[in-house]
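Since the structure comes first, as structure tokens, the remarks are kept for the end.
The values are calculated or read from the model by the stated rules, or taken from the named source; none is laboratory data. Please read all numbers here as calculations on a predicted model, not as lab measurements. Cβ sites come from the backbone with ideal geometry, for glycine too, and all protein chains shown count toward neighbours.
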Amino acid sequence: MYKLTVRLEKFHFCYGIKSKNKQYNSLSRDKYAVQRLCELCNELKLDEVHIGDVIEDFLSDPSDVKEYVKEYSKKP
């Protein structure tokens with residue numbers, strides 16, 4: 001299960017994602033984008049081994065989050 005994390009950095013909040021064994025902090029200041037990423041990872045039952053790849057794609061293009069979470073959730 002993936003959860004949204006929040007950290008105060010200097011004068012703003014940064015949001016990240018946490019799974020059972022991994023945590024990625026400060027992915028974005030856009031709470032709703034990271035929250036949507038968490039929801040999709042949970043909804044599509046993304047295996048934790050793929051979360052690093054999903055985050056890499058998220059950072060390069062947050063607008064296409066649904067497509068790459070779908071792509072990685074189909075991989076073994």
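For the range 1-26, filtering for residues that are among the polar types (S, T, N, Q) and touching a strand residue (DSSP E or B) at 6+ places or on another chain (Cβ under 7 Å) leaves 4.
Scanning the range 3-40 for residues that are under 15 Å from ASP61 (Cα atoms) and surrounded by 15 or more Cβ atoms within 10 Å (Cβ to Cβ) returns LEU27, SER28, ALA33, VAL34, ARG36, LEU37.
Checking each residue in the range 42-66 for being farther than 18 Å from LYS3 by Cβ, among the charged types (D, E, K, R) and either loosely packed, with under 11 Cβ neighbours inside 10 Å or at pLDDT 85 or above (or both) picks out ASP53, GLU56, ASP57, ASP61.
Scanning the range 38-67 for residues that are touching a helix residue (DSSP H, G or I) at 6+ places or on another chain (Cβ under 9 Å), within 19 Å of GLU9 (Cβ to Cβ) and of a type in the set (A, V, I, L, M) yields a single hit, ILE55.
With respect to VAL6, determine if the residue is in contact with a Phe, Trp or Tyr (Cβ under 8 Å, 6 or more places away or on another chain), of a type in the set (A, V, I, L, M, F, W, C) and modelled with pLDDT of 95 or more. The answer is yes for VAL6.
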